[in-house]
1. Considering every Cα-Cα pair within the stretch B:194-286, what fraction, in whole percent, is farther apart than 18 Å?
2. Give me, ordered by chain and number, the residues 5 or more places off residue A:100 or on other chains with an amide H under 5 Å from its own placed amide H.
3. At what distance in nm do the modelled label points of residue A:62 and residue A:193 sit from each other, each positioned 7 Å from its Cα along Cα→Cβ?
4. What are the distances, in nm and sorted shortest first, from the label point of residue B:201 to the label points of the same position in each other copy, with each label point placed 7 Å from Cα along the Cα-to-Cβ direction?
5. Do any residues of the stretch B:423-447 lose at least 50 Å² of accessible area when the full set of protein chains is present rather than just their chain alone, and if so which, with a 1.4 Å probe?
6. Across the stretch A:422-429, in residue order, what do the Karplus-derived ³J(HN,Hα) couplings come to in whole Hz, using 6.51 cos²θ - 1.76 cosθ + 1.60 with θ = phi - 60° and x for Gly and Pro?
7. To the nearest 10 degrees, how steeply does helix A:116-128 sit against the main Cα axis of chain A, on a 0 to 90 scale?
8. Please compute the per residue accessible area over the protein assembly as shown with all protein chains in place, 1.4 Å probe, rounded to a whole number of Å².
Protein chains: 2
Amino acid sequence: MSKVPYKIYLEESEMPKQWFNVRAAMKEKPEPFINPGTMEPCTADDLRPVFCDALIEQELNNDDRYIEIPQGIQDFYKMYRPSPVTRAYNLERILDTPAEIYYKFEGNNTSGSHKLNSAAAQVYYAKEQGLTSLTTETGAGQWGTALAMACAFYGIDLTVYMVKVSAQQKPYRKAVIETYGGKVIPSPSDTTEVGKKILAENPNTGGSLGCAISEAMEVALKTDNCRYVLGSVLNHVILHQSIIGQELKTALEKYDVEPDIIIGCAGGGSNLGGLISPYMADKIEGKNNIQFIAVEPASCPSLTRGKYALDFGDTGKTTPLMRMYTLGSGFIPSPNHAGGLRYHGMSPIVSKLYHDGYMEARAVEQNKIFEAATTFARCEGTLPAPESSHAIRVAMDEALKCKETGEKKTIVFGLTGTGYFDMSAYMSYMDGSMTDFIPTDEDLEKGFASLPVKE
Amino acid sequence: MSKVPYKIYLEESEMPKQWFNVRAAMKEKPEPFINPGTMEPCTADDLRPVFCDALIEQELNNDDRYIEIPQGIQDFYKMYRPSPVTRAYNLERILDTPAEIYYKFEGNNTSGSHKLNSAAAQVYYAKEQGLTSLTTETGAGQWGTALAMACAFYGIDLTVYMVKVSAQQKPYRKAVIETYGGKVIPSPSDTTEVGKKILAENPNTGGSLGCAISEAMEVALKTDNCRYVLGSVLNHVILHQSIIGQELKTALEKYDVEPDIIIGCAGGGSNLGGLISPYMADKIEGKNNIQFIAVEPASCPSLTRGKYALDFGDTGKTTPLMRMYTLGSGFIPSPNHAGGLRYHGMSPIVSKLYHDGYMEARAVEQNKIFEAATTFARCEGTLPAPESSHAIRVAMDEALKCKETGEKKTIVFGLTGTGYFDMSAYMSYMDGSMTDFIPTDEDLEKGFASLPVKE
């Protein structure tokens, strides 16, 4: 038995009091938001009608490496953090690998994922600013749940536009959001102009994150003392999620564990960005040579098959433009795609790091994901979310490579959440009815045609 | 801010290596099982066709205060334990009470409850004995999930008879069991003689735990190298669940916290029995004066309205007789009763402690339970199981009494699990359609009529 315990929990006194802003370490910064009207960089004032002031400040801050976590957010974090770093002794045994495998598990809270880390922060700042309500979108439902929990705690009204196909597949996820007092509207809906327009063009659409974002933003702009909040992609979300990486590094350093590979699933990039932030800064500064791997679904392959281009964040083309890896805001993933990671784009921070060669990316098909998920569940106990299982799949692949080569690498991955609300997907995997949808080049071209700037 | 952190986690090195056998401290022991044919106490040989040998030994052991936890079970426990003791600072604030409230949270594992503590032990011993398959019953589904997880881990086949109404209400719970490789059969079924008989008498029954037990036992007796395992009620289950109380006491003593009140929900009694075991031994020996409170649903009130009598453990009347508080094995709770705690009887250990005046009991209606559950979810984050919320309700009631009297009591309760699979019950609470079913005296008389011995 190694001296490393199965689970490493930090003491409350060891918990990070600062977020880590990876942009401060980046030699080239991500491009600023671009105002699509003027094609000039957005100012704070441009963003103020949509976002909270404190979040805009964080969004535009490329300089401060550490940003204090207010006490009111630290107190929220203490309800469900620190999250454990687990040594996957049982998975290592099943794979018969010389590799050491660790995972940082973010699912031990009712939202079932890491999304609560940014929800707490965003709602706290909204309350501080005197706002009374928030709007947002949710896909698989983790973000909507997380935000409802934070809104219940701090006392703010919430309306959630939930991707219609998810709302249908996950009625209980909707019920959890409602238990916390959130109002859920399946998207596209007839409650907004953009929703009505999308429904008129495509009455049978299952919806998309991009479309739900447009609806939520429209309502925020129309409503007094209301703002829009987003659970991924943006710089300030990656900042909040750096709590994962900060805890991870502190925990591993207690046991002198140095990762060779860090793996995270990537949809909008918030988990991955937060997980790797402090380690990535060290890599940029030549202090480590870690292999970072982003894993995305083959059905929505923004990093591996997308373009690094200026694009809208939403289907309705109402957001500022961001330079990111994108399939085009018109791309709608196949409705048979289980779970999250359905966003057409990717965090500008993660996109820039990938573009500059600091990390790699892999796309995996969903049957292979669920095979890994089931193996993991049976030997490590925890039933993983489909999203998280992308990282499990590649961690297993890398551990099996070590078995072939005899290398004793240290593999770390982010286990972002649990799969309790994804059982219909597990059922279709078990009964053999799950299909692997991979977009053709022609499918992708349709998405790229929606890009606003031809470069 | 008090010096007690929000969450107390034990280090792996501080985790208990022994279970605590409360019977060793009891001045009068629970009565032994009675063979209904001879009306003599059951011997180990009487029990051997149904139960694993090691578990029979534990079942009959009234003498050893500490029983070693085998390394193979300790290793399983390390996957999801220690469970945190949480100071409910936010609940205290919302209630504006001078009381200090703590809860021991057992829901941070995929089974969603404390049931895994005994499942791990029972499957480990089955494997050690060379058995190849197990049968069991499950009501709300936590026990079936826990057992499937343990069977997947140790490599044993599993058939779960799931109370039909639960299987219908919770299809995803069934899917989780199947993901871990367990076979689920809604009960009553036509796969057993007892199931066929019950269906013939009452074709529309939603089933009951007692009936599912009969079916599972019948299959175990008919199948080679197969045994039956039970998730509650029995002495050895309470023994395994003492890991909860052992960890609780170690954690609270680190911060010099001495409980005035300890509260647990009570269905079959396993959580409650395990939670209180070491503290109860001290009370029996005059070392503390803690108020222990068992909380049960008003719809299935075995302690508060049942009889302390010899009864069968199952509807089919195939088990040995146990002296316990019971509503009669013929009692079937209303199908509109959300969640677990549906068993007609109560652990003989808990029954004896209650009968001898060491603890009290309260019965609570389900709308009041869900009101407490929703309040708790919104301020403490975690969405509680309906079962666990019985304990929350009484903890809140006691804390509110302290607010009136100004007393600064220390209240500890067991939060046995999460409510992710109980959303249809939450939905009916939220939309006002939840009804409070309280059996009439006439209803109870029908159950008592099934008691096998008139005393």
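The values are calculated or read from the model by the stated rules, or taken from the named source; none is laboratory data. Quantities reported herein were computed from a predicted structural model and do not represent experimental measurements. Every residue, glycine as well, gets a Cβ built from its backbone with ideal geometry; the counts of neighbours run over all protein chains shown. Just so you know, the surface numbers come from the protein's heavy atoms only, side chains and all, with ligands and any DNA or RNA stripped out. Shrake-Rupley method; radii C 1.70, N 1.55, O 1.52, S 1.80 Å.
1. 60 percent
2. Here A:409, A:410, A:411 satisfy the definition.
3. Each label point lies 7 Å from its Cα, and together they span 3.4 nm.
4. Values, ascending and in nm: 6.4.
5. B:423, B:430
6. Taking θ as phi minus 60°, the curve returns 10, 5, 5, 5, 4, 4, 6, 5 Hz for the stretch A:422-429.
7. Once rounded, one gets 40 degrees.
8. On the way: 29630 Å² over 910 residues.
Ligands and nucleic acids excluded, the result is 33 Å² per residue.
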